[in-house]
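Structure first, commentary second.
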Amino acid sequence: MTQTPTVPTVTSKKLNHSDKLFNEIATSEGFRAEPYLDDAGVPTIGKGTTFYEDGRAVTLQDAPITEDRANQLLKFYVGTVEEKLRNAYPKMQDMNPNEIDAIMSFTYNVGANFVDAPSGFETMQKGLNTGDKKVISGAFKLYNKHVNPNDPAGPLIESEGLTTRRTNEKNLFNTPYVINKPKSKYDEFMTDEN
């Protein structure tokens, strides 16, 4: 996850993401108690965290954290991501939880500042601005590269991990959201003829 802290402003109701979102991110990011360099060479800790709640960047000299602390940091940044997306893309209010989870997982990974990026994310930004689900679905695969830590000024390099993550996000985005109606105590008496 390569993001920088943002200060979101609240303007509309929360996005309807599901609890699956945290599992999706935790599975993609994994957990590491000790600080480490991610594939792009960014100091990272926990479950993909690159900065703390107060805006300080993670450093390789930081103390290890517990998985509970990693979950706190994950929830904090998911809240930041949610507010940034909600305020930038009102059409997301019309999306189902699977679509929202996929976009939030993507944003958690690339950083919430992609919303304001002047270049590099035009296809995803266009899809989110217009609410065009076909464009959004097709855009995931475009963002599977990162900075080469050995040549930061050189071309981006493709990442197998990001390719897998973007495929999973696209699949989740395209999965219909099914609401399981709770069983009623009267269901046994109901037939197709009623």
- prompt: Is there a residue in the range 138-145 that is under 22 Å from GLU29 (Cβ atoms) and touching a residue at least 60 places away in the same chain (Cβ under 8 Å)?
  reply: no
- prompt: Among ASP68, ASP62, which is the only one that is farther than 20 Å from MET104 by Cα, more than 20 Å from the chain's Cα centre (by Cα) and either charged (D, E, K, R) or open to solvent by less than 30 Å² (accessible area, probe 1.4 Å) (or both)?
  reply: ASP62
So SER159, is it modelled with pLDDT of 95 or more and more than 19 Å from LYS84 (Cα to Cα): no
statement: Filter the range 37-51 for residues that are open to solvent by 10 Å² or more (accessible area, probe 1.4 Å) and in contact with a helix residue (DSSP H, G or I) (Cβ under 7 Å, 6 or more places away or on another chain); the one that is farthest from ASN148 (Cα to Cα) is LYS47
- prompt: Are any of the residues in the range 136-145 assigned to a helix (DSSP H, G or I) and within 24 Å of LYS13 (Cβ to Cβ)?
  reply: yes
- request: Within the range 129-142, track down each residue that is open to solvent by less than 50 Å² (accessible area, probe 1.4 Å) and touching a Phe, Trp or Tyr at 6+ places or on another chain (Cβ under 7 Å).
  value: ILE136, SER137, PHE140
- prompt: What residue, of THR167, THR123, THR175, is farther than 25 Å from GLY55 by Cβ and not in a helix (DSSP H, G or I)?
  reply: THR175
field: Residue among ASP68, ASP62, ASP54 that alone is touching an Asp or Glu at 6+ places or on another chain (Cβ under 9 Å) and at pLDDT 90 or above
entry: ASP62
- request: Go over the candidates GLU24, GLU34 one by one and state the one that is touching a residue at least 60 places away in the same chain (Cβ under 8 Å), out of contact with any Lys or Arg (no Cβ under 7 Å at 6 or more places or on another chain), outside any loop (DSSP other than H, G, I, E, B) and over 21 Å from VAL147 (Cβ atoms).
  value: GLU24
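Just give me the residues in the range 10-36 being open to solvent by 90 Å² or more (accessible area, probe 1.4 Å) and modelled with pLDDT under 95, in sequence order. Even if it seems obvious, please write down each step before you answer.
Narrowing the range 10-36 to residues open to solvent by 90 Å² or more (accessible area, probe 1.4 Å): 10-11, 13-14, 16, 19-20, 23, 27, 32, 34.
Passing the criteria: VAL10, THR11, LYS13, LYS14, ASN16, ASP19, LYS20, ASN23, THR27.
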message: Looking at SER184 and the list (1) of a type outside the set (A, V, I, L, M); (2) at pLDDT below 95; (3) open to solvent by less than 60 Å² (accessible area, probe 1.4 Å); (4) within 22 Å of ARG86 (Cβ to Cβ), which single condition is not satisfied?
response: (4)
Unmet requirement for ASP39, which otherwise passes all of (1) of a type outside the set (Gly, Ala, Ser); (2) at pLDDT below 95; (3) not in a loop (DSSP other than H, G, I, E, B): (3)
- prompt: Can you tell which of ASN174, ASN150, ASN113, ASN96 is of a type in the set (S, T, N, Q), out of contact with any helix residue (DSSP H, G or I) (no Cβ under 7 Å at 6 or more places or on another chain) and open to solvent by 60 Å² or more (accessible area, probe 1.4 Å)?
  reply: ASN150
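The values are calculated or read from the model by the stated rules, or taken from the named source; none is laboratory data. In this text, all values refer to a predicted model and were calculated from it rather than measured experimentally. Please note: Cβ atoms are built from the backbone with ideal geometry, for glycine as well, and neighbour counts cover all protein chains shown. SASA here: full protein model, heavy atoms, side chains in, ligands and nucleic acids out. Shrake-Rupley method; radii C 1.70, N 1.55, O 1.52, S 1.80 Å.
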